[in-house]
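Some notes on the structure that comes next.
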Amino acid sequence: MTDEEFRAEVRGWLAARLASAEFACLAGKGGTGRAHEFVAERMAWERRLGADGWIGLGWPEDDGGRGLPWRRQVIFYEEYARADAPGRVGHIGEQLVAPTLLTFGTPEQKARFLPGIAAGTELWCQGYSEPGAGSDLAGLRTRAALRDGEWHVDGQKIWTSLAHVADWCFLLARTSADAERHRGLSCLLVPVRQPGVEIRPIRQITGTAEFNEVFFDDARTDAGNVAGEPGDGWRVALGMLGVERGVSNLGQLIGFQREFESVLAAARGNGSIADPDIAGRIADAWTGLQVLRFTTEEVLGTAAPDPVAGGAAANVVKLMWTSWHQRLGELAVDVIGPDAMLAGPEYDLSDTQRLFLFSRAETIFGGSNEIQRNIVAERGLGLPRG
Amino acid sequence: MDTPEQAALREAVRDFCRKQSGPGAWDRLTGELGLTGLAVPECYGGSGAGLAEVAVAVEETGRVLLPAPYLSTALAGAVLGEDGGEPAGGAAAGFLPGIASGALRAAFVFGDSVQVTDGRLAGVARHVLDGAEAGLFVVRAGEALFAVRAADAVVTPAGTLDETRSQATVEFHGAPCARVGCPAGRAEDLLRVLLAVESAGAAAHCLDVTVGYLKTRVQFGRPIGTFQALRHRCADLAVEVTSARSTAYAAVRAAVSSSTGSPASAVSAAAAELAVLGPLAKRHCADVFWHAAAEMIQLHGGIGFTWEHEAHRYLKRAKTSQLLHGTPAELRRLVSQRAGLS
């Protein structure tokens, strides 16, 4: 099968499924600023994806994946975005937990957890940030101790997407109190639905709740549910950040193109494109998208380190796309003009308003852009640490 | 992204640029290295490589602001070389061997002021890049391109803000000319692509030198590269410089795919892409270069403001590259129009 035949297969599958009675309601749902929508339907969609073999495309075949090359994975994400398919509820399992287990997990852990991720039947959330440990993640204070063959977890996590639907939490906790900061952390796999775990949604800037606080009060998990060695959690937790993002970063460019086109259509529709300032900003947004595409393809699409970005290519791309997307949101609202000041009943917002508001999160989550700049300065440019 | 041959070429040009100085540089660049003949067909004494290889050489010579009319001359080799075996008025056959050997230096004249009547050119063009030392002008008149000997024009060299490359005012008073097959619009977009590549190379140099300085300059008892205010500015610049290089080479790929040697099925799509990416890449890369040069001066402090330090030459080159062949504002409108965004 050629790449283009594969693309046609993906496209055909998505078109057929999104036209079906069960999933027709889902097109365009659950995306930027809309992760609260149609959650039950999107969970069913995740199981459909799994049943038809669209989860774990890049995993080795022996581990339940399809062993597809990088390019095919990108094609899947591109077509997914082009079809306006719904926001995923299984991406943390597929893109963070599974790659981590494939690298650091025991055969037993892989056998236990990968099938549920691949089938879309077990959903994951990620427990890294804490109220006192955001950018300074190594300062986290959630503790876990091994007693009677179980880890006992106490503490609090925050900004936990999808915790309210997740079955499992991929949790970074301190397991050795006397060790300094980065040492003494472990990556635990903790069941979410148990008496010791309490989840509270965080209402955010958009009025909706996509993130949660998660409280652990003597929550338990089996002694074997630690990814990598106990005490090696820092390396395990951060080792996979960025590794799998390349594929989705390339795929999301198609979604950005769609968003740009809707801004352009709005500007034509209400005549604001006749304003030279708006027209110039539209040209800049389009130019920026081409530049983002070329750069993403170049620095993430090749194995060799980029001559400028060096080992910080993923950080360069994160700085670029988040800034571009934020500016697009600002432009989108200015194109709409005064009507952008109005909200619907019960604070129901338009897609434009959600883009405008939610994009403020993007320069903060996944490592704030200030932290990204630190990494580019250090790993990309080799500047000395203070 | 380089092929093995391109990587070897890059290393050779970089090595040459490290050592070059003085009046013998052009002879080595053209003779020993054969850089002006990279896109000239072999039958005219070139190496028959192409625009991708010219781009590699332009990026590396741009990095050091090589004071030679390389960009214009190498591009003339590519543009005339596209006429290939066709006699086409004999322009290719007449000029390509000189371009390949380095005996003939070229410059491009775009703009709207030159007219062709009965096979003769008339008009005046200012700001002709590399015009002062050119022996050949490739001139736009209407939508067509013509080759004219400098001996048939009146050339007045201009003093320039950027002393590393020349400009001239060129007058044609009924100058005899030969038709060149390449459309004028394509030639100007190719020139923009090469200016983009050159700017990306020079911007990378500004960043490299600045980062090097920040590692060694000590204030308050430590290298100033440990201060976050400066580190973050360098990180932002690294993002821009990375993006400039990627964008410039995307434009180079469109230039290569739309040249006459490429598969016919791909040429027209690539030509449309070049029409957008030429101005887009030139604007983006020159803007990045400008920012990199400005940061180079600021982050070097007082030393960056001196005549001895190289920073001012980069700042002047950057501004010149922004203003040549479409200002940022003009190119923004051009991209908007060509990409159908209005």
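The values are calculated or read from the model by the stated rules, or taken from the named source; none is laboratory data. Only a predicted model underlies this, so the values are computations on that prediction, with no experimental measurement involved. In this analysis, Cβ positions are derived from the backbone assuming ideal geometry, glycine residues included, and neighbour counts consider all displayed protein chains. Ligands, DNA and RNA are stripped out before the accessible areas are found, and what is left, the full protein with its side chains, is counted by its heavy atoms. Shrake-Rupley method; radii C 1.70, N 1.55, O 1.52, S 1.80 Å.
Overview of values
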quantity	calculated
Residue in segment B:235-250 that is part of a strand (DSSP E or B), in contact with a Lys or Arg (Cβ under 9 Å, 6 or more places away or on another chain) and at the interface with chain A (Cβ under 9 Å from one of its Cβ atoms) present	no
Top-ranked residue of segment B:184-239 - restricted to ones that are of a type in the set (Ser, Thr, Tyr) and free of Cβ contacts under 8 Å to residues at least 24 places away in the same chain, ranked as least open to solvent (accessible area, probe 1.4 Å)	B:Thr226
Checking A:Trp70 against (1) crowded, with 20+ Cβ neighbours inside 10 Å; (2) modelled with pLDDT under 90, the condition it does not meet	(1)
Residue within segment A:330-349 that is in a helix (DSSP H, G or I), in contact (Cβ under 8 Å) with a residue 60 or more places away in the chain and within 14 Å of chain B (Cβ to nearest Cβ) present	yes
Matching residues, segment B:118-130, being farther than 22 Å from B:Glu82 by Cα and either open to solvent by less than 60 Å² (accessible area, probe 1.4 Å) or in contact (Cβ under 8 Å) with a residue 24 or more places away in the chain (or both)	B:Arg120, B:Leu121, B:Ala122, B:Gly123, B:Val124, B:Ala125, B:Arg126, B:His127, B:Val128
Subset of segment A:130-139 [open to solvent by less than 50 Å² (accessible area, probe 1.4 Å) and within 17 Å of A:Asn374 (Cβ to Cβ)]	A:Ala133, A:Gly134, A:Leu137, A:Ala138, A:Gly139
Qualifying position, being touching a residue at least 12 places away in the same chain (Cβ under 8 Å) and closer than 26 Å to B:Glu59 by Cα, among A:Arg281, A:Arg258, A:Arg293	A:Arg293
Members of segment B:290-342 that are open to solvent by 30 Å² or more (accessible area, probe 1.4 Å), acidic (Asp, Glu) and within 14 Å of chain A (Cβ to nearest Cβ)	B:Glu330
Selection from segment A:318-329 of residues that are hydrophobic (A, V, I, L, M, F, W, C) and either more than 9 Å from chain B (Cβ to nearest Cβ) or on the phi > 0 side of the Ramachandran plot (or both)	A:Trp321, A:Trp324, A:Leu328
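One line per residue, one yes/no per condition, for (1) in the same structural domain as B:Thr320 (by TED's automatic domain parsing); (2) in contact with a strand residue (DSSP E or B) (Cβ under 8 Å, 6 or more places away or on another chain); (3) surrounded by fewer than 22 Cβ atoms within 10 Å (Cβ to Cβ):
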| position | (1), (2), (3) |
| --- | --- |
| B:Val54 | no, no, no |
| B:Leu75 | no, yes, no |
| B:Gly94 | no, yes, yes |
| B:Ala100 | no, no, no |
| B:Ala144 | no, yes, yes |
| B:Ala151 | no, no, yes |
| B:Val155 | no, yes, yes |
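Per-residue answers, yes or no, for (1) touching a helix residue (DSSP H, G or I) at 6+ places or on another chain (Cβ under 7 Å); (2) farther than 30 Å from A:Asp351 by Cα:
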position: A:Ala118; (1), (2): yes, yes
position: A:Leu123; (1), (2): yes, no
position: A:Gly132; (1), (2): yes, yes
position: A:Glu150; (1), (2): no, yes
